[in-house]
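In what follows, a single structure is set out as structure tokens and then discussed.
The values are calculated or read from the model by the stated rules, or taken from the named source; none is laboratory data. A quick note: this is a predicted structure, and the numbers were derived from the prediction, not measured. Note that we place each Cβ from the backbone using ideal geometry, even for glycine, and neighbour counts take in every protein chain shown. Calculation scope for accessible area: heavy atoms of the full protein, side chains included, ligands and nucleic acids excluded. Shrake-Rupley method; radii C 1.70, N 1.55, O 1.52, S 1.80 Å.
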Amino acid sequence: MLLSRYMHLHKSKGRRTGSVLDRSAYILLSRIRVQGPMSIGQLGEAFGLDASTLNRQTAAAMRAGLVERIPDPDGGMARKFRITQEGERRLDEERTGLVDSLDRIMTDWPEEDITAFADYLQRFNSDIERLHGMPWPRPRAAEPRP
């Protein structure tokens with residue numbers, strides 16, 4: 001996600017040309033997809049954001065049909081946000097676009113360089129998460145990598 005800030009992937013206002021999601025929606029949907037339904041409190045803890053910011057982001061995602069509010073599947077009092085089929089579809093479309101952009105950038109890279117780059121980037125991200133004490137859940141191997 002950090003690399004997506006560069007102009008090779010984005011044209012204006014933090015969005016990739018042809019993008020179907022803004023950055024905050026992409027991150028929100030990615031986390032809910034991997035972790036499952038989450039409350040505002042859980043999202044705040046995961047992202048280190050305040051409730052008002054998350055209320056704005058989730059309200060926008062709900063208006064766009066990307067998430068829905070559901071009762072806590074575990075029986076808790078707080079309602080949770082679950083990704084919708086439309087949210088799944090648009091997240092997949094956005095990831096495909098990001099992967100295509102990276103493929104264009106790395107078109108002349110040998111496969112071993114791409115593998116090494118991905119390994120170092122994963123290590124870098126994991127070390128940042130370790131220092132902040134906020135690990136990001138990793139998608140299962142069957143899911144596409146951003």
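Brief remarks on what is shown
- Residues in the range 121-138 that are part of a loop (DSSP other than H, G, I, E, B) and closer than 13 Å to residue 47 by Cα: 133, 134, 135, 136, 137.
- Conditions (1) open to solvent by 50 Å² or more (accessible area, probe 1.4 Å); (2) within 16 Å of the chain's Cα centre (by Cα); (3) farther than 23 Å from residue 133 by Cβ; number of the one not met by residue 71: (2)
- Hits in the range 74-101 (condition: open to solvent by 30 Å² or more (accessible area, probe 1.4 Å), in contact (Cβ under 8 Å) with a residue 24 or more places away in the chain and either acidic (Asp, Glu) or closer than 23 Å to residue 26 by Cβ (or both)): 79, 82, 88, 90, 92, 93, 96, 99
- Any hit, the range 43-62, residues being in contact with a strand residue (DSSP E or B) (Cβ under 8 Å, 6 or more places away or on another chain) and within 14 Å of residue 89 (Cα to Cα): yes
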